[in-house]
1. Restricting to the stretch 1-49, name every residue that is open to solvent by less than 50 Å² (accessible area, probe 1.4 Å) and at positive phi.
2. May I ask you to verify whether T109 is assigned to a loop (DSSP other than H, G, I, E, B), of a type in the set (S, T, Y) and more than 14 Å from the chain's Cα centre (by Cα)?
3. (1) touching a Pro at 6+ places or on another chain (Cβ under 8 Å); (2) open to solvent by 40 Å² or more (accessible area, probe 1.4 Å); (3) not hydroxyl-bearing (S, T, Y): which one isn't true of L110, the others all being true?
4. Listed residues A57, A88; which is closer than 24 Å to L16 by Cβ, within 16 Å of the chain's Cα centre (by Cα) and at pLDDT 95 or above?
5. Which ones in the stretch 130-145 are within 19 Å of L170 (Cβ to Cβ), open to solvent by 60 Å² or more (accessible area, probe 1.4 Å) and of a type outside the set (A, V, I, L, M)?
6. Residue by residue through the stretch 76-88, note down the ones that are open to solvent by 30 Å² or more (accessible area, probe 1.4 Å) and in a loop (DSSP other than H, G, I, E, B).
7. Which of the residues belonging to the stretch 65-75 are in a loop (DSSP other than H, G, I, E, B) and open to solvent by less than 60 Å² (accessible area, probe 1.4 Å)?
8. Please work out if L62 is under 18 Å from the mean Cα position of the chain (by Cα), surrounded by 14 or more Cβ atoms within 10 Å (Cβ to Cβ) and touching a residue at least 12 places away in the same chain (Cβ under 8 Å).
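The values are calculated or read from the model by the stated rules, or taken from the named source; none is laboratory data. For clarity, every value in this text was computed on a predicted model and none was experimentally measured. Because the Cβ atoms are built from the backbone with ideal geometry, glycine has one as well, and the counts that use them run over all protein chains shown. Side chains are part of the model used for accessible areas, which takes the heavy atoms of the whole protein and leaves out ligands, DNA and RNA. Shrake-Rupley method; radii C 1.70, N 1.55, O 1.52, S 1.80 Å.
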Amino acid sequence: MAGAEIERLIQLLARLPGLGPRSARRAALHLLNKPDALLQPLALALRDVADKVQTCARCGNLDSHNPCAICSDTRRDETLLCVVESVADLWALERSGVFRGRYHVLGGTLSALDGRGPADLNVDGLLARVGDGSRVREVIIATNATVEGQTTAHYLTDRLLPAGVSVTRLAHGVPVGGELDYLDDGTLGAALKARRPF
């Protein structure tokens, strides 16, 4: 139906999360119908990102500067370190505007099924950041509430406690605005276990 260049564009777009072949075809047609307004600016933005964006050597965030803007921000509390699985998790926490400390991106979770062990994650970098001479007082483990996330959190806690830092975990349970009748059993159980005085 289309030339090789268009088919390649559709195939590459279909690799993006949330886009299947049909959605990728629609996105490609939309881009091609607006070459000056969308296609050319997108191509330039992709080239800029490919040329300039890098992984922060301190925390693992993605930015055009190294260290990244978060690590370079002197207004942030360097005594608080939040450990996340991925850059997407870091960005989600930043969008909330609540946390003003520093971050550390692990690059995944421990998973025996996927063959991912501690050496495959940025655990050594984390331990170095909280080691001797560090100003970090508290490490907040913000891994997902999955089996792999929980396993990773327990492993990190065992490794971090000897460093003399306080290790905390994000609370799990009833979401703000959530109704008990619509929650799954696991969420309700976690909420009951994490209850606190009113």
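1. none
2. So T109 fails the test.
3. (2)
4. Answer to the check: A88.
5. R137, N144
6. Residues satisfying the conditions are D77, E78, S86.
7. P67, C68, D73
8. Yes: the conditions hold for L62.
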